[in-house]
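Working notes, beginning with the structure itself.
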Amino acid sequence: MGPCPPSTTSARRRARGSRPPSRRRLRPRAGAWDAIAHGKHALVVAPTGSGKTLSAFLFAIDKLLTEGPPEEKTERTRVLYISPLKALAVDVERNLRAPLTGIRHTADRLQTPLPEVTVGLRSGDTSPADRRRLSTRPPDILITTPESLFLILTSRARETLRGIDTVIIDEVHAVAGTKRGAHRRSPSSGSTRSSTDQRNGSG
């Protein structure tokens, strides 16, 4: 995989328009892409708005698009995004659909078939019906909070996390060394996948 995801290049250019990104914004993205492309864990520290989370998402999206969905339904969810703020999780869930839509439009224009990438949100405000839907029809990308992740890991819903190979943690400084961070270190989390899963954090 190259320095930036090939299937997302055109969509990213359309999203930012003709204005090129500044060096300040490009530097953390380039560093993140290089580490993620080589399958390494990455901790990206940069100012707000520099594209830290987007860097991880773009590579995750590219992988989902090029590999396609697995045959086993319980392994459908392959990307887990953890945010300590419910409002931020909702915002990212909304913003994540923008690049996905852009990629879809670009693929249609180029007449390139792409698999559908689904996004799900699980938080304290998620209704019981939506929680059941997430369990029976797991999304490709799951957005959740540390508390909701703890509830997932301690219920039968944890079976839907067995296919995860990428974990993106936002606002690491807000949960590190706190009870909220302890939720992510729960012994139950060891029942999903091995420690070889790729983790990307931003602070």
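State all residues of segment 89-130 that are among the hydroxyl-bearing types (Ser, Thr, Tyr) and closer than 23 Å to LEU161 by Cβ; if no residue qualifies, say none.
Within segment 89-130, THR118, SER123, THR126, SER127 qualify.
Consider LEU88 carefully, then state whether it is out of contact with any Gly (no Cβ under 8 Å at 6 or more places or on another chain), modelled with pLDDT under 90 and not aromatic (Phe, Trp, Tyr).
Considered against the rule, which asks whether it is out of contact with any Gly (no Cβ under 8 Å at 6 or more places or on another chain), modelled with pLDDT under 90 and not aromatic (Phe, Trp, Tyr), LEU88 comes out as yes.
Where the second residue is loosely packed, with under 13 Cβ neighbours inside 10 Å and in a helix (DSSP H, G or I) and the first is free of Cβ contacts under 8 Å to residues at least 12 places away in the same chain and lies in segment 86-110, which pairs have Cβ atoms under 6 Å and are six or more apart or on separate chains?
Between residues of segment 86-110 that are free of Cβ contacts under 8 Å to residues at least 12 places away in the same chain and residues that are loosely packed, with under 13 Cβ neighbours inside 10 Å and in a helix (DSSP H, G or I), there is no close pair.
Here are ARG27, ARG19, ARG14: which of them is part of a loop (DSSP other than H, G, I, E, B), modelled with pLDDT under 80, surrounded by fewer than 22 Cβ atoms within 10 Å (Cβ to Cβ) and not aromatic (Phe, Trp, Tyr)? Can you show your working first?
Working: ARG27 fails: part of a loop (DSSP other than H, G, I, E, B); ARG14 fails: part of a loop (DSSP other than H, G, I, E, B).
None of the other options fit; the residue is ARG19.
Got a number for residues in segment 122-140 being touching a residue at least 60 places away in the same chain (Cβ under 8 Å), out of contact with any Leu (no Cβ under 7 Å at 6 or more places or on another chain) and closer than 21 Å to THR53 by Cα?
Result for segment 122-140: 1.
Any residue that is under 18 Å from THR118 (Cα atoms), out of contact with any Asp or Glu (no Cβ under 7 Å at 6 or more places or on another chain) and of a type in the set (Lys, Arg) - is there at least one of those in segment 53-69?
Looking for residues that are under 18 Å from THR118 (Cα atoms), out of contact with any Asp or Glu (no Cβ under 7 Å at 6 or more places or on another chain) and of a type in the set (Lys, Arg), one finds at least one in segment 53-69, hence yes.
Pick from segment 52-83 the residues that are among the hydroxyl-bearing types (Ser, Thr, Tyr) and within 21 Å of GLY102 (Cβ to Cβ): which of them is modelled with the highest pLDDT?
Ranking the candidates gives TYR81 first.
Being part of a strand (DSSP E or B) and either at pLDDT 90 or above or surrounded by fewer than 19 Cβ atoms within 10 Å (Cβ to Cβ) (or both) is true for just one of LEU121, LEU151, LEU114. Which residue is that?
Details: LEU151 fails: part of a strand (DSSP E or B); LEU114 fails: part of a strand (DSSP E or B).
Result: LEU121 is the single residue among LEU121, LEU151, LEU114 that is part of a strand (DSSP E or B) and either at pLDDT 90 or above or surrounded by fewer than 19 Cβ atoms within 10 Å (Cβ to Cβ) (or both).
Going by the structure shown, is LEU64 crowded, with 21+ Cβ neighbours inside 10 Å and in a helix (DSSP H, G or I)?
In short, yes.
Within the bounds of segment 71-80, is there any residue that is hydroxyl-bearing (Ser, Thr, Tyr), part of a strand (DSSP E or B), touching a residue at least 40 places away in the same chain (Cβ under 8 Å) and crowded, with 18+ Cβ neighbours inside 10 Å?
no
The values are calculated or read from the model by the stated rules, or taken from the named source; none is laboratory data. None of these values were measured; they are calculated from a predicted model. Note: ideal-geometry Cβ built from the backbone for every residue, glycine included; neighbour counts use all protein chains shown.
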